[in-house]
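Below you'll find the structure, written out as structure tokens, and then a few comments.
Quick note: the coordinates plus some simple rules give every number you see, no bench work behind them. The structure presented is a predicted model; accordingly, all values stated were derived computationally and were not measured. No Cβ is skipped: glycine too gets one built from the backbone with ideal geometry, and neighbour counts run over all protein chains shown.
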Amino acid sequence: MVKNICIMTEYAGLALSAVHSQETFTMNIKKIHHVAYRCIDAKQTVEWYGKYLGMDFVLAIAEDQVPSTGAADPYMHVFLDAGAGNVLAFFELPKQTAMGRDENTPAWVQHLAMEVDSMDELLAAKARLEADGIDVIGPTNHTIFKSIYFFDPNGHRLELAVNTGTPEMMEKLDAVKWDMLNEWAQTRKAPQHAAWMHAKQPEVQA
């Protein structure tokens, strides 16, 4: 079972400071309610995520009209348990043109990362996927976590990650995050404050 959708706010028992801006804002988001993507075939998608990622099918909603816009656009909306209260959802849209992707963005960029408990679980997932002919990249060592990457039947890139960072590592990264962001905003070149994360891995695949 996937542990949860990997929102990178806590590693090795150390909660990072979640400062999003330098202004005070009072709204408090409790969690991600669900994340929704389009799929080619809702039934195939539910079965695939159950088989390879252990996600239970928890809810289906189907309408001929979109509630938020009023558009006449039949859909099947399926919801999967992604662990720890996280929900992953998909829409099948049979009346729309075939699915595509953002051709101006490299295929490795947009992805969903999910956390697992151990390296053994990560390697077991890799073996299960590869046994059925699914291409898997990794494990890739990002120092504070290790990951594998693959695509679902709809062309969405997925990542499974296991945390390996120490409190000391996370403190170092927390201390430089704003300096890195501000430097990037001015130069659009990668700041070197955290170059140690991949310094010993010249062949790391992003």
inquiry  = If N is the number of residues in the stretch 47-90, what value comes out of its Cα radius of gyration divided by 2.2 N^0.38 Å?
reply    = 1.36
ask   = What's the extension gain from ARG101 to ILE40 if we count 0.36 nm per residue and subtract their Cα-Cα distance?
value = 20.7 nm
ask   = Among the aspartates and glutamates, which fall within straight-line cross-link reach of LYS43, defined as a Cα-Cα distance under 17 Å, with same-chain neighbours fewer than 8 residues apart omitted?
value = ASP56, GLU63, ASP81, GLU92, ASP152
request  = Apply the Kirkwood formula to the stretch 92-139: the hydrodynamic radius equals the inverse of the mean of 1/r over all pairs of different alpha-carbon atoms; give it in Å with one decimal.
outcome  = 13.8
query = Based on Cα positions only, what radius of gyration and what Dmax would you give for the stretch 91-173, in angstroms?
reply = 15.6, 52
ask   = Could you state the number of Å between the C-alpha centres of the stretch 26-93 and the stretch 100-132?
value = 19
ask   = If you add up the charges near GLU63, with Lys and Arg at +1 and Asp and Glu at -1, over every other residue whose beta carbon is less than 14 angstrom from its beta carbon, what do you get?
value = -2
message = Using a Förster radius of 25 Å, what is the FRET efficiency between LYS172 and ASN141 based on their Cβ-Cβ separation? Nearest 0.05, please.
response = 0.90
request  = Would you list the P(r) distribution for the stretch 38-189, with all Cα-Cα distances sorted into 5 Å bins from 0 and each bin expressed as a whole %?
outcome  = 2, 8, 13, 16, 17, 15, 11, 9, 7, 2, 0
